[in-house]
Amino acid sequence: MNTLTNKQQEQNELKKQMLKIFKQVYTINNSFVSPLTDEKNKHKQIKQIKDFCNNNFNLYICSIVFTGGINCEYITSIKIEI
């Protein structure tokens with residue numbers, strides 16, 4: 001029988017919510033990262049995920065970071081770790 005730990009369940013819920021809000025989610029180490037590409041709704045999206053985290057997790061870290069790679073310029077992203 002395969003059961004998920006509480007932390008795994010929380011991570012699954014967070015990933016699901018970030019996909020719903022931001023449409024893209026990347027897992028990097030123990031963090032979830034989503035690009036903030038919708039300039040018009042960026043503040044609304046950040047508020048939605050912040051409210052979700054405040055209501056569902058005892059402790060989390062939310063950061064605004066710059067992401068990039070070999071073939072692209074940097075973009076602003078949100079990074080959340082629980």
* Asked: Just wondering, is there one or more residues in the range 5-15 that are modelled with pLDDT of 90 or more, among the aliphatic types (A, V, I, L, M) and at negative phi?
  -> yes
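Please go through the range 59-79 and pick out each residue that is hydrophobic (A, V, I, L, M, F, W, C) and surrounded by 10 or more Cβ atoms within 10 Å (Cβ to Cβ). Working first, answer last.
Initial filter on the range 59-79 (hydrophobic (A, V, I, L, M, F, W, C)): 59, 61-62, 64-66, 70, 72, 75, 78.
I61, C62, I64, V65, I75, I78, listed by residue number.
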* **Search result, residues across the range 61-82 that are among the polar types (S, T, N, Q) and over 11 Å from the mean Cα position of the chain (by Cα)** => T67, N71, T76
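The values are calculated or read from the model by the stated rules, or taken from the named source; none is laboratory data. All values derive from a computational prediction rather than experimental measurement. No Cβ is skipped: glycine too gets one built from the backbone with ideal geometry, and neighbour counts run over all protein chains shown.
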